[in-house]
Amino acid sequence: MGTIAAEPFVFTFEPRSLALIVIDMQRDFAEPGGFGESLGNDVSRIQAIVPTVRRLIEGFRARHLPVIHTMECHRPDLSDCPPAKRDRGQPRLRIGDAGPMGRVLIAGEAGTAILPELAPIAGEIVIEKPGKGAFYATALQDHLTRLGARQLVFAGVTTEVCVQTTMREANDRGYECLLAEDATESYFPQFKVAALEMIRAQGAIVGWTARVDQVLEGLNHG
Ligand code: TIU
C-alpha cells in the first residue's frame, strides 16, 4: 500500500490498481488557431502546465504504471458530433471547419494531436472521445478493467470541463479519483479553484486533490 498526502485526507492506494489519465493535452486547446481559442479563450495558461504534466507522466512511466491519454475529437464526417455541440454559440471556427492547424477537433488533423512534449509512447492507450467525459462512447472502462485499474490520477485540461466531467463519470463507476492540482488548468482561474474545491468537498464527494510533488512522493514509497 502507498499513500499520497492529499486533500481532504490521505489517499491510500495499491500500486497495482493505479493508472494516470491525461485529459486532452492537445494542440487544439493549447495553441493559437485551435478550438480553445476559437471559443474566445486565451490559451497561454494551458501551455504553462506542460512541464508539470510531463513530470507526472514520467513518474508513472518510470514505475511502469499505466498512462492513458485522451483526445477530444470527431470523425471527419462529423457523424459523432451532435449539431447541439457543433452549432453552439458563435465561435470563430466551428468543429470540422478548416483552421490554421487543419480541421478543428477532427481525428488525424495536426491541431488535434497531443502536444509533442506529452506525446504517448509505444504501448500507451489513447482514447479518442467525442464528448467532454472520457467514458462516454469510448472503450475506456474496458481498458481499465483489463488493466485492473481501480484508482485513477487525473491531469490535463480543462479542469472544470473535460477533467471534472471525466472524474464524475469515473466516480459514479466506482473508481477512486485524485486530481493533480498543478497538472490541470482552466481558461478561467476562478473555475479551476472552484472545481478543485467542489471535487474534494463533502469528504471527497468526487475525489481527492494533491500536487504533482505529493503524487510522486507517494509513488516513491508505494
Ligand atoms: N472549452 C473547454 O474549456 N474545454 C473543452 O472544450 N474541452 C476540454 O476541456 N477538453
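The values are calculated or read from the model by the stated rules, or taken from the named source; none is laboratory data. Please read these numbers as outputs of a predicted model, since none were measured by experiment. Backbone-built Cβ (ideal geometry, glycine too); neighbour counts: all protein chains shown. Heads up: the accessible areas ignore ligands, DNA and RNA and are worked out on the full protein's heavy atoms, side chains in. Shrake-Rupley method; radii C 1.70, N 1.55, O 1.52, S 1.80 Å.
The residue that is farthest from the ligand (Cβ to nearest atom), among those in the range 166-189 that are without any contact (Cβ under 8 Å) to a residue 60 or more places away in the chain, of a type outside the set (Lys, Arg) and open to solvent by 10 Å² or more (accessible area, probe 1.4 Å), is GLY174. Going through (1) open to solvent by 30 Å² or more (accessible area, probe 1.4 Å); (2) within 15 Å of the ligand (Cβ to nearest atom); (3) in a loop (DSSP other than H, G, I, E, B) one by one, ALA134 falls short only on (1). Using the structure shown, decide if LEU18 is more than 15 Å from the ligand (Cβ to nearest atom) and either under 18 Å from the mean Cα position of the chain (by Cα) or surrounded by fewer than 14 Cβ atoms within 10 Å (Cβ to Cβ) (or both). Judged against the criteria, LEU18 is a match.
Among the numbered conditions (1) in a loop (DSSP other than H, G, I, E, B); (2) of a type outside the set (S, T, N, Q); (3) over 21 Å from THR3 (Cα atoms), the only one that VAL161 does not meet is (1). So in the range 190-200, with the set limited to residues that are open to solvent by 50 Å² or more (accessible area, probe 1.4 Å) and either over 27 Å from ALA137 (Cβ atoms) or part of a strand (DSSP E or B) (or both), which one is nearest to the ligand (Cβ to nearest atom)? Among those residues, the one meeting the criterion is GLN190. Residues that are within 23 Å of THR209 (Cβ to Cβ), assigned to a loop (DSSP other than H, G, I, E, B) and open to solvent by less than 70 Å² (accessible area, probe 1.4 Å) within the range 137-158 comprise ALA149, THR158, listed in sequence order. Please verify whether ALA48 is more than 14 Å from the chain's Cα centre (by Cα) and over 27 Å from CYS177 (Cβ atoms), treating the condition exactly as stated. Against the criterion (more than 14 Å from the chain's Cα centre (by Cα) and over 27 Å from CYS177 (Cβ atoms)), ALA48 does not qualify. Put simply, of VAL163, VAL153, VAL126, VAL104 the only residue that is away from the ligand (no atom under 16 Å from the Cβ), modelled with pLDDT of 95 or more and out of contact with any Cys (no Cβ under 6 Å at 6 or more places or on another chain) is VAL153.
Can you name the residue in the range 33-72 that is outside any helix (DSSP H, G or I) and within 10 Å of the ligand (Cβ to nearest atom) and, of all such residues, is most open to solvent (accessible area, probe 1.4 Å)? Filtering first and then ranking leaves LEU39. Determine whether the range 201-218 contains at least one residue that is crowded, with 17+ Cβ neighbours inside 10 Å and within 13 Å of the ligand (Cβ to nearest atom). Scanning the range 201-218 turns up no residue that is crowded, with 17+ Cβ neighbours inside 10 Å and within 13 Å of the ligand (Cβ to nearest atom).
Let's see how each residue does on (1) under 19 Å from the mean Cα position of the chain (by Cα); (2) outside any loop (DSSP other than H, G, I, E, B); (3) under 27 Å from PHE60 (Cβ atoms):
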residue	(1), (2), (3)
ASP77	no, no, no
CYS81	no, no, no
ARG88	no, no, no
LEU93	no, no, no
GLY96	no, no, no
GLY111	yes, yes, yes
ILE121	yes, no, yes
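I'd like to verify a number: residues in the range 86-95 that are touching a Cys at 6+ places or on another chain (Cβ under 7 Å) and free of Cβ contacts under 8 Å to residues at least 40 places away in the same chain, how many?
Selection size over the range 86-95: 0.
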